[in-house]
1. Residues in region A:610-619: is at least one part of a strand (DSSP E or B), surrounded by fewer than 16 Cβ atoms within 10 Å (Cβ to Cβ) and modelled with pLDDT of 90 or more?
2. May I ask you to verify whether A:Phe90 is buried (at least 21 other Cβ atoms within 10 Å of the Cβ), within 16 Å of DNA strand B (Cβ to nearest atom) and either without any contact (Cβ under 8 Å) to a residue 12 or more places away in the chain or within 17 Å of A:Leu217 (Cβ to Cβ) (or both)?
3. How about region A:121-130: which of its residues are loosely packed, with under 15 Cβ neighbours inside 10 Å and either under 30 Å from the mean Cα position of the chain (by Cα) or within 13 Å of DNA strand B (Cβ to nearest atom) (or both)?
4. Out of all the residues in region A:108-125, which are outside any helix (DSSP H, G or I) and of a type in the set (Ser, Thr, Tyr)?
5. Answer yes or no as to whether A:Lys317 is of a type outside the set (Gly, Ala, Ser), surrounded by fewer than 16 Cβ atoms within 10 Å (Cβ to Cβ), within 16 Å of DNA strand B (Cβ to nearest atom) and at pLDDT 75 or above.
6. Looking at this structure, is A:Ser92 in a helix (DSSP H, G or I), closer than 30 Å to A:Glu180 by Cβ and in contact with a strand residue (DSSP E or B) (Cβ under 8 Å, 6 or more places away or on another chain)?
7. Could you please find all residues in region A:93-116 being away from DNA strand C (no atom under 16 Å from the Cβ), among the polar types (S, T, N, Q) and at pLDDT below 90?
8. Name every residue in region A:296-314 that is closer than 21 Å to A:Tyr622 by Cβ and surrounded by 15 or more Cβ atoms within 10 Å (Cβ to Cβ), in order of residue number.
Amino acid sequence: MTKQALLSELNPQQKDAVLNNKGPLLVLAGAGSGKTRVITYKFTYLMSVLKIPPASILAMTFTNKAAAEMKERVEGLTGKSVNGLWIGTFHSLSARILRKEIDKLGFQKDFCIYDSSDSGNLIRSILKEFKIHEALYKGILSKISSLKASLISPEKLLANEDSYGFDEKFARVYVRYQDELRKNNSLDFDDLIMHTVNLCERHPDVLEKYQKEFSYLLIDEFQDTNASQYRLSRLLASKHKNICAVGDDDQSIYKFRGAEVRNIQKFKKDFSKTKVVRLEQNYRSTQNILNIAGSVIALSPERMPKKLWTENGKGEKICYCTAINEKEEARYISQSIKELYLKGRYSYKDIAVLYRINQQSKVLEEAMRENGQPYRIFGGVSFYGRKEIKDIISYLKFIANPDDSVSLKRIVNCPPRQIGGTTITRVENEARKRDESLYNTMKHIIKSNGYTASLKDKIRGFVNIVEELIDEKNIALPELLKKVFDKTGYSSWAGEEKADNLTALVNSSEGKDLRSFLDTASLFSGLDEPLNDDAVSLMTIHSSKGLEFPVVFIAGIEDGLMPHFHAVKDTDELEEERRLFYVGITRAQDMLVMSCARKRRLYTSVQEQQPSRFLSDIPPGYYHCVEKRPRADAVASAIVKMPANFFNTSPYVTGARVRHPKWGVGVVRDSYGETDDVKVTVNFPSVGMKRLSLKFANLEKI
DNA sequence: AAACTAAAGCTTTTT
DNA sequence: GCTTTAGTTT
């Protein structure tokens, strides 16, 4: 890409950010201001125009997803592979350095990286040995994590007994934990950063080597850096000072896990003559949404002054809906989504429902399932993540592909058939010898000698059941599912509570074939795979950071939830809640709907809830209030009027599948008019949305 | 090895 | 209240 072409796609501030490449640069990138664009264009500019070898640009992000997106976009802009470049997360890039240098710290280069469950197990075994209540391991783990994030090693903790709220028992655990890690030649996540900092500080020659190797540093989400990450960045950049930090103090919502917004101020102090660029033009949201966002964040003290503006229109009015309780709130949201969808203006994937705590997802899920709406939960357990659903899906997967040994292992003892770990290990060993799938090995074992009769009986029992199911794999899916429940005895074993979910699964399989059903099911459970499926996104506001949706619902805008009651006593935490609310609002592109419940069940008690205190910071004219009355729900709606065919008797109701002679099969999205002159909106996969009159269009219902 | 029972925890979370 | 997990029993 040429310099001209590159710059022509940027606004003046973005250009400023991309063109300033000598010395420290701080880019304050407001929500929706094209932050990723600036970072990727800057990378491309450094590489293609300034001819800086791409391998000497260190670009650090927080999540794998952000790193992957950056790589993809840089590849797209430059047309060159990003393989081997230093684009990645703080952790992965630190690990890469440590793989080469860690022997200098007394570890071997083939060190292991412990994930949080490994770390947790290690802590628990230490607690057991020290006779400390094991249930405390989570708290201890997070305390150790925050110490490491602040670069406080066990030695340092012991040396400053008075400084850090010293607790002798805890210090012993910390010392021991770190010892064990070393013995196991292992590092936990926080060690990756802390040890890299140690390496640089204790070995000036190594530091110098990397200072030379990286002639430019690019850091994303700078407001999320913790002390150790900041120190590392500073060390690596302290020589040439070519460092660009991109962040937004208004979107700092991870203080609880060690992030320090103050690093933004520190940056300006530590790097003299820092050039500051503000990206304030917002390309994402309507004026109405920005007004709300702006009035909420304006009251945040100590923020760096900035004001987002947009050339977008005023857009839709913003609503705040009050429901009598959390179930009604969920119904209201689900109903509104239905109407938006039927109007054909939005598909499900354009819509997100955000909330403060994962617990809120439960009622939302229930409401959406009642209405047959596809949804996807980010984090937490979704419908497809439930054990019973995963079990049954595994049965189906196995029926479709008996070589799938992973699924086999999941189902072989569900319900229990006395085929436990020992038996499976034997079968696995035999399978390895014979170089065959587990299932084929099982069939072999039944026929061969040299196994006890009871073992063969157990396996035969399983194989017979499954074999019958495989024979019938081509019957209609709901039938097949019922056969699975009966033959395996799953329903009676699973109990009644799970029966509802299983029935829901049968209903959702209506009219689908095995293959496509399984595809959607695994897409739902797959966490990181990009989802092509049309589904509403359900997630916490935290997980929504960095994303955008045409339509955003934020549920539970009440005191106690937003801000959360744990945060109201502490001013800093309260301000973080404010920023969290701001992050939620700024995810919306065209439409924002906030809602609350008068009464909400939280843990044991039903509480009377008050509207969020943050609402009083928004001028009254910026949004309008709606009351959700439980009975009138089907008729009255805050957002859009119900489709005219609500009581329509025409066979072409919304959701019906129809065939058109020219456009093929489509789905009715909406229909209007009286019985003798019905007009329908139909979505055809081939040509998109079409408005047709039943009198003239030669539609056939299928 | 599985099934039952008691008990804890319960804001947000990536690496 | 509900869900997860640890510990005990069969």
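The values are calculated or read from the model by the stated rules, or taken from the named source; none is laboratory data. Nothing here was measured: the structure is a model prediction, and the numbers come from that model. Quick reminder, even Gly has a Cβ in these numbers, built from the backbone with ideal geometry, and neighbours come from all protein chains shown.
1. no
2. Yes, satisfied.
3. Answer for region A:121-130, where residues must be loosely packed, with under 15 Cβ neighbours inside 10 Å and either under 30 Å from the mean Cα position of the chain (by Cα) or within 13 Å of DNA strand B (Cβ to nearest atom) (or both): just A:Asn121.
4. Residue satisfying the conditions is A:Tyr114 alone.
5. Details: of a type outside the set (Gly, Ala, Ser): yes; surrounded by fewer than 16 Cβ atoms within 10 Å (Cβ to Cβ): yes; within 16 Å of DNA strand B (Cβ to nearest atom): no; at pLDDT 75 or above: yes.
The answer is no for A:Lys317.
6. Here the answer is no, as A:Ser92 does not meet what is asked.
7. If the condition is that a residue be away from DNA strand C (no atom under 16 Å from the Cβ), among the polar types (S, T, N, Q) and at pLDDT below 90, then A:Gln108 is the only one that fits.
8. The answer is A:Val296, A:Ile297, A:Ser300, A:Arg303, A:Lys306, A:Leu308, A:Thr310, A:Asn312.
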